[in-house]
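Structure first, then comments.
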Amino acid sequence: MAYKRILLKISGEQLAGKYEGGIDAELGAWLADEIKQVIESGVQLVIMVGGGNFARGAQLAGHGIRRVTADQIGMLGTMMNALALNDIFENKGLQSRCLSNIFAEQVAEPFIHRLAEKHLEKGRVVIVAGGIGRPYLTTDTAAVSLGLELSCDVVLKATKVDGVFDSDPASNPNAVKLDHLSGNEAVSNPNIKVMDKAALGMAAEHHLPIIVFDALKANNIYKAATGESVGTFIQS
Ligand code: UDP
C-alpha cells in the first residue's frame, strides 16, 4: 500500500556524492529520476535536506564562533543544498518548490504551513531549507517535526547502509540488520546512532513511523514510498 504523504530526509553528506564536500549535481539528477517515480504514483513528497556537506554547527562552534552562529551557518548550508536540488529537479521536469524556514525572501519562498500544503496537494515536491529555523537542532529533528506538522504518514531517513544493524556493519562483518524496531528501543539502545535521539524520541512520542534505508540504491525510495519492505521500520 502506498503512503499518501511522506517526508524524505537526505543528509548533506549524501548530496556530496562522489565529492568530499559541496554538491554532486549528477547524483541530484539521478535522485530526481528516482523521485519522479514516487510522484507519478500519486504519493506527496516533502524533502528535508541536511547541510553537513557545508557545515555542522556542533563541529564549527569554538575559537570565537558562537554555537548559535555556527548553527545559523549550518542552516545556510541546508539552504544551498535545497536551492541546488530545486533547480536540478525542475530541470528534470519535476514540479518542485523550495520553502525556507529562515528569512531569505530573495532566494526562496518562506515556509508557510498552508503554502506547503497547497504545493503538496498539487503534486509538487516541497524541499524545505533551513531545518526548522532554530539553533541547537539538526535536520533529523527538524525532519520529524516537519513530518508531524505536515501530517506525513512516515519519515524516510536515508542512510549509507540499508537500515539499522545490531552493531556497526562497517567494523563488524557479522552485524545483523534489524527489520523492525520499536521507537522506545531505538531511543534507549545506545548502540543505535543512526538518527538523533531527539528525533527518535519525538517520532516515538507521536507514533510517527520512520524507515531507515539506503536511498541511493535504485528504486529504494519508490519501494519505501509504496509500502514495500526496505531497510528498518521503526514504529511505536
Ligand atoms: N541546523 C540548525 N537547526 C535546524 C537544522 C539544522 O541549527 O533546525 C544546523 C545545525 O548546525 C546542523 C546544520 O544546520 O548541524 C546542518 O544540518 P545537519 O547537521 O542535520 O546536516 P546533515 O548531517 O543531515 O547533512
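The values are calculated or read from the model by the stated rules, or taken from the named source; none is laboratory data. Quantities reported herein were computed from a predicted structural model and do not represent experimental measurements. For neighbour counting, all protein chains shown are included, and Cβ atoms are generated from backbone atoms with ideal geometry for every residue, glycine included.
Being hydroxyl-bearing (Ser, Thr, Tyr) and crowded, with 20+ Cβ neighbours inside 10 Å: is that true of Ser41 here? Here the answer is no, as Ser41 does not meet what is asked. Contact map, region 144-159: first residue at pLDDT below 95, second residue assigned to a strand (DSSP E or B), Cβ cut-off under 9 Å, separation 6 or more or different chains; pairs are Thr159/Val212; Thr159/Phe213. Close Cβ contacts (under 7 Å, 6 or more residues apart or on different chains) running from residues in region 172-191 that are within 16 Å of Gly231 (Cα to Cα) to residues that are assigned to a loop (DSSP other than H, G, I, E, B) and of a type in the set (A, V, I, L, M) comprise Ala186/Ile192.
Find the strands (runs of 3 or more DSSP E) located wholly in region 136-226 whose residues include 2 or more that are within 16 Å of the ligand (Cβ to nearest atom) and buried (at least 23 other Cβ atoms within 10 Å of the Cβ), and list them.
Values: elements: 154-158, 180-182, 210-213.
In region 136-226, the matching strands (runs of 3 or more DSSP E) lie at 154-158, 210-213.
Sort out which residues of region 1-40 are assigned to a loop (DSSP other than H, G, I, E, B) and of a type in the set (Phe, Trp, Tyr), and write them in order of number. Selection gives Tyr3, Tyr19. Checked against (1) more than 16 Å from the ligand (Cβ to nearest atom); (2) more than 15 Å from the chain's Cα centre (by Cα), Thr69 meets all criteria but (1).
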